[in-house]
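The values are calculated or read from the model by the stated rules, or taken from the named source; none is laboratory data. None of these values were measured; they are calculated from a predicted model. We place every Cβ from the backbone using ideal geometry, glycine too, and count neighbours over all the protein chains shown.
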Amino acid sequence: MPLNERDRIEILMMIGVGDRMRTQQEVCRLFHEMHPDREPVSQSTVSRIERKYRELGHVRDAPRQGRPKINENVQQDVILSALENPHCTVRQVSRDLNIGKSSVSNIFKKVKYHPYRVRLIHELAEDDFDRRTEFCEYMMDHNNQNNGFIANILFSDEATFFLNGHVNRQNTRYWSQENPHWMQEYHTQHPQKNYKFKWRWLQIK
């Protein structure tokens, strides 16, 4: 158990002054006798306390080093930024309020604000189910006619790029304490994309 300021003062009184000074070993033994339920102090601890008192004139703890705490006004400004624009980024808030990005993140974490990510969902039309069935029948018929038909198909993933930043799962966030279940619709025909966009609905997961 670490010594507090009161314990250090008590040790100084045990050391004494003038001709009535005790040795470090005697101070350790006396402290243990007066506090048998506590962990014994070492001679090096007594030496440090005595040296600190002679150099500084007190045995208080030195002020702790570290970053200054953010005042409540700055915390309120960060929260207001998220309320006014739930899609704001940590970098944007940091730049607008002139504080560090880590401070913004810590404030959001302190008030339990979570950056909900966007999830792209493909809307199904009424005829999509029939088209799926037709596609499966088509593939099965061709595979029955030619056993190597499937092996000759090259499957690739589809990627979509937008020029206006409408759909960007990496940069799109929604800051909130609870899931807002926010949705936004995008149509397949859009003049500012470079090819067909297969997702129509946005939903926060």
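Do we find a residue being assigned to a helix (DSSP H, G or I) and surrounded by 13 or more Cβ atoms within 10 Å (Cβ to Cβ) anywhere in segment 124-145?
To start, the set of residues in segment 124-145 that are assigned to a helix (DSSP H, G or I) comprises 128-145.
Next, only the ones that are surrounded by 13 or more Cβ atoms within 10 Å (Cβ to Cβ) stay: 139, 143.
Yes: segment 124-145 contains one or more residues that are assigned to a helix (DSSP H, G or I) and surrounded by 13 or more Cβ atoms within 10 Å (Cβ to Cβ).
If you check R51 against the conditions, is it at pLDDT below 90 and under 20 Å from the mean Cα position of the chain (by Cα)? Lay out the reasoning, then the answer.
On the way: at pLDDT below 90: yes; under 20 Å from the mean Cα position of the chain (by Cα): no.
It is false that R51 is at pLDDT below 90 and under 20 Å from the mean Cα position of the chain (by Cα).
Return the residues of segment 146-162 that are outside any loop (DSSP other than H, G, I, E, B) and modelled with pLDDT of 65 or more; say none if nothing qualifies. Please lay out each step first, then the result.
Within segment 146-162, the subset outside any loop (DSSP other than H, G, I, E, B) is 150-152, 162.
Correct list: I150, A151, N152.
If G165 satisfies every condition in (1) farther than 30 Å from K109 by Cα; (2) of a type in the set (G, A, S); (3) modelled with pLDDT under 80 but one, which is the exception?
All conditions pass for G165, except number (1).
Among the listed residues S94, S42, identify the single one that is surrounded by 11 or more Cβ atoms within 10 Å (Cβ to Cβ) and in contact with a Gly (Cβ under 7 Å, 6 or more places away or on another chain).
Values: S42 fails: in contact with a Gly (Cβ under 7 Å, 6 or more places away or on another chain).
Result of the check over S94, S42: S94.
Out of I70, I107, I99, I need the residue that is in a loop (DSSP other than H, G, I, E, B), free of Cβ contacts under 8 Å to residues at least 40 places away in the same chain and within 23 Å of T172 (Cα to Cα). Which one?
Working: I70 fails: within 23 Å of T172 (Cα to Cα); I107 fails: in a loop (DSSP other than H, G, I, E, B).
Residue meeting the stated conditions: I99.
Here is a check on your reading of the model: is V46 more than 30 Å from L97 (Cα to Cα), in a loop (DSSP other than H, G, I, E, B) and either under 46 Å from the mean Cα position of the chain (by Cα) or in contact (Cβ under 8 Å) with a residue 40 or more places away in the chain (or both)?
In short, no.
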